[in-house]
Structures are given as C-alpha cells and as structure tokens.
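> For reference, the structure I am asking about is given below.
The values are calculated or read from the model by the stated rules, or taken from the named source; none is laboratory data. The structure displayed is predicted, hence computed values, not measured ones. Cβ placement follows ideal geometry from the backbone for every residue including glycine, while neighbour counts extend to all protein chains displayed. Ligands, DNA and RNA are excluded from the accessible area calculation, which covers all protein heavy atoms including side chains. Shrake-Rupley method; radii C 1.70, N 1.55, O 1.52, S 1.80 Å.
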Amino acid sequence: MTINKTSAFYRWTKFFVGLAIFWSFTYVICPAITASSEDFTTMAKFIDDSGIETGEFYYTDIEVCGEADLGARSTFEHMPRSMNVAVK
C-alpha cells in the first residue's frame with residue numbers, strides 16, 4: 001500500500017477551491033437561475049413570504065411532500081395569465 005504524500009499547501013488549496021465553488025453555486029449561480037424566469041421568481045417569493053423551510057421537506061412524511069408538490073405544480077400551471085380577458 002502506498003500513501004499519497006501531498007503538501008499541506010496543495011490540500012488547503014483544494015479545500016479553498018472547493019469552498020469557492022460551493023459558495024459561488026449557492027450565492028451566485030442559484031440566485032441567477034431563480035431570477036432568469038418569472039415562474040421561478042414567483043415561486044421563490046411565495047416560499048419566502050410563507051416562511052416555508054424547504055430543506056425540511058425531506059425529513060418529514062414523504063406523502064406530504066408529494067401532496068405539496070402536486071398542489072404547488074397545479075397552482076402554477078393553472079394560474080390566470082391575464083386579467084384582460086375579452087368577453088364575447
């Protein structure tokens with residue numbers, strides 16, 4: 001068995017590069033994706049306004065998560081698109 005001896009500088013550099021990638025994904029890339037679509041922005045605003053802790057969903061009953069997902073998808077798929085509807 002051989003032991004890979006790498007310098008402490010190399011290991012710390014890899015650590016900080018990984019940390020930078022994680023930070024940029026969390027605070028730059030994900031918010032940019034959210035801002036790129038009106039639907040994502042609406043959903044993110046609803047989650048923030050409702051105080052929903054999205055990270056806790058998977059620690060609860062899975063059936064509840066499925067029902068919540070179905071309800072959220074139905075809400076966004078069947079939202080009125082415009083209030084200016086022509087009446088014939």
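> Please list, by residue number, everything in the range 17-34 whose backbone N is under 15 Å from a paramagnetic label point 7 Å out along Cα→Cβ of Thr54.
Of the residues in the range 17-34, 25-34 have backbone N under 15 Å from the label point off Thr54.
> Shifting gears a bit: Want the number for Lys45 to Glu63: 0.36 nm per residue separation, take away the alpha-carbon distance, what's left?
4.0 nm
> While we're looking at this one, here's another question. Leaving out ligands, DNA and RNA but keeping every protein chain, what accessible area does Arg11 have, in Å² rounded to the nearest 10, with a 1.4 Å probe?
130
> So, in nm, how far is label Ala32 from label Ser7 when the simple model puts each one 7 Å beyond its Cα toward the Cβ?
Label at Ala32, label at Ser7, 3.2 nm between them.
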